[in-house]
1. As a test of understanding, state the convex hull volume per residue of region A:52-107 from its alpha carbons, in Å³.
2. Output ³J(HN,Hα) for region A:71-85: one whole-Hz value per residue in order, computed from phi by the Karplus curve 6.51 cos²θ - 1.76 cosθ + 1.60 with θ = phi - 60°, and x for Gly and Pro.
3. Between B:GLN65 and A:TYR92, what's the calculated FRET efficiency when r is the beta-carbon distance and R0 is 25 Å? Round to 0.05.
4. Could you give the dipole magnitude of chain B about its Cα centre, charging the beta-carbon of Lys and Arg +1 and that of Asp and Glu -1, in debye to the nearest 20?
5. So which of A:LYS39/B:LYS63; A:LYS39/B:LYS13; A:LYS39/A:LYS103 end up more than 18 Å apart, counting from Cα to Cα?
6. Projected onto the charge dipole of the protein assembly as shown (+1 at Lys/Arg Cβ, -1 at Asp/Glu Cβ, origin at the Cα centre), which of A:GLY34, A:TYR87, A:THR74 gives the Cα projection farthest towards the positive end?
7. How many percent of Cα pairs in chain B exceed 21 Å?
8. State, to one decimal in nm, how far the label point of A:LYS107 lies from the label point of A:PHE83, with both points 7 Å from Cα in the Cβ direction.
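Read-outs: derived from the displayed coordinates by stated rules, not from any lab. All figures in this text were calculated on a predicted structure; none of them were measured in a lab. Cβ: placed from backbone, ideal geometry, glycine included. Neighbour counts: every protein chain shown.
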Amino acid sequence: AIQMTQSPSSLSASVGDRVTITCRASQGIRNDLGWYQQKPGKAPKLVIYAASKLQSGVPSRFSGSGSGTDFTLTISSLQPEDFATYYCLQKYGNPPSFGQGTKVEIK
Amino acid sequence: QVQLLQSGAEVKKPGSSVKVSCKASGGSFRTFGISWVRQAPGRGLEWMGRIIPTRGVTNTAPKFQDRVSLTADESTATAYMELRGLISDDTALYFCARLGEPLPDEDYWGQGTLVTVSS
């Protein structure tokens, strides 16, 4: 099974900050990676698919990069509504697997 | 627009079973997979398994293979996840989802069903 190692597990940031979250796969997954935003008690929301493509309706301050084993989610200028937990998900291997999550908190 | 509507919260005794439903509307149900994902309180997301309704083909994570049954009723466009032998660690929010099928940006989730296991 492919393991997804996500870091950091949490971070504190201020509105306007640039935030970077990384996921590393235990083996190559091409670009078959998505990033999700989740708020408490709610279903996850896809923000980036295919490693770097912005989901429709998601603000352009979100971006993704990477291929193979190393992936990054960047929020260029953090907004109040972006405080949430973010997860990566790989579907290249069976079973699909999530990263452990990164909680983005207000500094 | 695909919508997935899940059944309501459940409280179960240890050792019992729970069956959660997920009714799809607004898109094709038969040919695309429905996945099940759970989230224990304060924990991360965990993929449990997937079913393709028209073929009845299932794929279950090794951790759940002995305890989970995934089924689907095409006539009502409803998928089901049954978890047997419940323990307290199964207390979680259970989601059904269509994870990027047929295209990677076609991603839809149910609202979640809280299953509480308590004596």
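1. 104 Å³
2. Residue by residue, region A:71-85 yields 9, 9, 10, 10, 10, 6, 8, 4, 10, x, 6, 8, 6, 5, 10 Hz.
3. Result of the calculation: an efficiency of 0.75.
4. In debye, rounded to 20, chain B gives about 300.
5. A:LYS39/B:LYS63; A:LYS39/B:LYS13
6. A:TYR87
7. Of the Cα pairs, 32 percent sit more than 21 Å apart.
8. Distance between label points: 1.4 nm.
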